[in-house]
Amino acid sequence: MATVHLTVPISEEAVCSLQVGDTVYLSGIIVTGRDAAHKYMVETFIRSANVPGSEQALYEELRRLLAGSAIYHCGPVVRQREDGRWEFVAAGPTTSIREEPYQADVIAHFGLRGVIGKGGMGPRTLQACQKHGAVYLHAVGGAATLIADAVKEVLTVYKKDEFGVPEAFWVIRVENLPLVVTMDSHGRSIHEEVQAVSERRLQQLLGVSV
Amino acid sequence: MDLTEPIVELIRRASTDLPADVEAALRAARDREEAGSAAASTLTAILDNVALARARSQPICQDTGTPIFHIHYPAGTSAGKLRAQAEAAVVEATRRAYLRPNAVDSITGRNSGNNLGIGFPVFHMEEWESDLLEIALLLKGGGSENVSIQYSLPYEPLKAGRDLEGVRRVVLDAVHRAQGEGCAPGILGICIGGDRSTAYTYAKMQLLRPLDDVNPVPELAALEERLLRECNELGVGPMGFGGKTTILGVKIGAAHRLPASFFVTVAYMCWACRRARMEVKNGTVVYP
């Protein structure tokens, strides 16, 4: 299992060289987005006939930011400094599977190279990773202060008032964000493999023949 | 006596530090995993994170969860005033970023911004004989709440009948289903019996027990020990990466049930089992 340092923008070649189990230290500008953000992106940008005028500027901005970058499933605890700038206080990942209905479309539409979260995702996302050259990167759930330490700067925030602090799009610059590849662009998923092992052991413990 | 500030301190302690027994269990788990494995490096990151959060007095996890208060108060204390002070403390703890604003209006999707809302935070308040005022607080995150589960026995798919073997079977199933999604290695608070709502309350109360205590009911003590061993044989591992540690502790309680009902309720708690307690006696506040 390799240890790889990646910087945004991430090339397709770099992403395709990653295998499940690799440790990745990610640097560059990424964007947080979770439940409200994914629903919004899909309903307002991807599945709607045209983007409303009021949302056009944010759409362009997200397209610019997300191409070759990663979206982070995270609802941070933030603090506003006296000069008005924001800081991340605690920033661990949230459970990703809730975005399964949306993630594949978001990867395809915005050209994401990485999805960061916890718990892994389902077959549609795994397929999208294969088709469009992306990986799922697992952050350590609950390691919020450690991860906040890797967030060096909060550049801006979108939809904070509408979605609330945890659900907003926070645009952040990270340095050496520690991650593990658990779904790669070759169709492998640690989550599927561990699930199969635990299923087998469960059947043994329950005394059911396999 | 205004307890607002002492309760802010209780919240700070719960959010920014782990109980010593939980941290010790995580350390023992790290030492059991193979060096260089994803499981070992994950547990190391968790322990580093706990130390950093404690040193900086910052939340261990960004999901500071649902604050669940269990308050026992002596006769003559106003429960209403206590509750108002605890609510004021929650608002202040949110302002100081010990808590993330976590109360979302289920109709509009709006976050109240201060952790107050309908049924939020959660209060269980009871008068007792003692002249001591005791406030226990559990901060329970959403990832672990979402994998918590309630079974109604008999449960045919697992051949789980209305006995302790049936309980064992559904609990193993619950841990398998959860995989890493509840932020494994987790802690299980289990209630056998009760009705659908009290069962979850009792199951979560089990999470207030220290990991190293022994259940006073011998059958339950034996089941706790067996389930801890067997859950770890599932091999889910920290964060679901595979490994020897899936669960850090199993705590089981029983409540009376209707003849017609037999619920087994599993309250899954993430590794960040943030519980804290304070006691007030003769105007003195201690955090034992």
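The values are calculated or read from the model by the stated rules, or taken from the named source; none is laboratory data. Keep in mind that this is a model prediction, so the values were computed, not measured. All Cβ positions, glycine included, derive from the backbone under ideal geometry; neighbour counts span all protein chains shown. Surface accessibility is based on the protein's heavy atoms, side chains included, excluding ligands, DNA and RNA. Shrake-Rupley method; radii C 1.70, N 1.55, O 1.52, S 1.80 Å.
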For segment A:1-63 and segment B:137-168, distance of Cα centres in Å: 36
Rounded, prolate or oblate (a/c below 1.5 giving rounded, otherwise prolate when a/b exceeds b/c) for chain B by Cα gyration tensor: oblate
Heavy-atom accessible area per residue - the protein assembly as shown, 1.4 Å, Å²: 40
Threshold 30 Å² - residues in segment A:110-159 whose accessible area is reduced by that much or more when the chain is no longer isolated, probe 1.4 Å: A:K118, A:G119, A:H138, A:V140, A:G141, A:G142, A:T145, A:L146, A:D149
Rounded to the nearest 20 debye, dipole of segment A:17-115 from Cβ charges on Lys, Arg, Asp, Glu: 40
Among B:T64, A:L126, A:G92 the positive-end extreme of the charge dipole of the protein assembly as shown (Cβ point charges): A:L126
Hydrodynamic radius by Kirkwood, which averages 1/r over all alpha carbon pairs of segment B:143-269, in angstrom: 14.2
Of the trypsin sites (Lys or Arg not before Pro) in segment A:1-78, those whose Cβ has at most 11 other Cβ within 10 Å and which sit in DSSP loop: A:R47
Kirkwood Rh and Cα Rg combined as Rg over Rh, evaluated for segment B:111-202: 1.04
Full-stretch length increase - B:D213, B:E233 - with 0.36 nm per residue and alpha-carbon distance subtracted: 5.0 nm
Helix axis angle, A:100-110 relative to chain A longest principal axis, alpha carbon, degrees: 60
Per-selection Kirkwood Rh - the protein assembly as shown (Cα, Å, 1 d.p.): 23.4
Positions from segment B:28-69 whose accessible area shrinks by 30 Å² or more when the full protein complex is built, not the chain alone, probe 1.4 Å: B:A45, B:N49, B:L52, B:R56, B:Q58, B:P59, B:Q62
Förster radius 25 Å - calculated FRET efficiency between B:R110 and A:N50 (Cβ-Cβ, nearest 0.05): 0.40
Estimated FRET transfer efficiency (A:K152, A:A67; beta-carbon r; R0 22 Å; 0.05): 0.55
Highest-fluctuation residue, B:I247, B:I71, B:I107 considered, GNM on chain B with Cα pairs under 10 Å: B:I107
Unit charges at the beta carbon, dipole of the protein assembly as shown: most positive-side option, B:V286, A:A14, B:S261: A:A14
Cα-based helix-to-principal-axis angle, B:164-178 vs chain B, degrees rounded to 10: 80
Residues in segment B:232-268 that, when all protein chains are in place, have 20 Å² or more less accessible area than the chain alone would give (probe 1.4 Å): B:E233, B:L234, B:G235, B:M239, B:G240, B:F241
Among A:T32, A:A49, A:L62 the positive-end extreme of the charge dipole of segment A:4-72 (Cβ point charges): A:A49
Cross-link table B:K81/B:K204; A:K131/B:K244; B:K159/B:K251; A:K118/A:K160, entries beyond 27 Å C-alpha to C-alpha: A:K131/B:K244
Apportionment of accessible area to carbon and sulfur, segment A:1-156, percent (1.4 Å): 49
B versus A: buried accessible surface, summed, Å² (probe 1.4 Å, to nearest 100): 3400
Rounded, prolate or oblate (a/c below 1.5 giving rounded, otherwise prolate when a/b exceeds b/c) for segment A:76-130 by Cα gyration tensor: prolate
Computed P(r) (all Cα pairs; segment A:1-149; 10 Å bins; percent): 11, 40, 37, 12, 1
Local electrostatic count, A:V171, Cβ distance below 11 Å [Lys/Arg +1, Asp/Glu -1]: 0
Set of lysines with alpha-carbon distance to A:K159 below 19 Å, sequence-local pairs under 8 removed: A:K39
Helix-only [θ]222 nm of chain B, DSSP H runs n ≥ 4, -39500 (n - 2.57) each, per residue, nearest 500: -12500 deg cm²/dmol
Cβ-isolated cysteines (cut-off 4.7 Å), the protein assembly as shown: A:C16, A:C74, A:C129, B:C61, B:C191, B:C231, B:C273
Kirkwood-based shape ratio for segment B:212-270, expressed as Rg/Rh from alpha carbons: 1.04
Degrees between helix B:196-206 axis and first principal axis of chain B (Cα, 0 to 90, nearest 10): 90
Sites B:A260 and B:E156, calculated FRET efficiency, Cβ-Cβ separation with R0 22 Å, nearest 0.05: 0.85
Carbon plus sulfur fraction of accessible area for segment B:143-269, probe 1.4 Å, in percent: 57
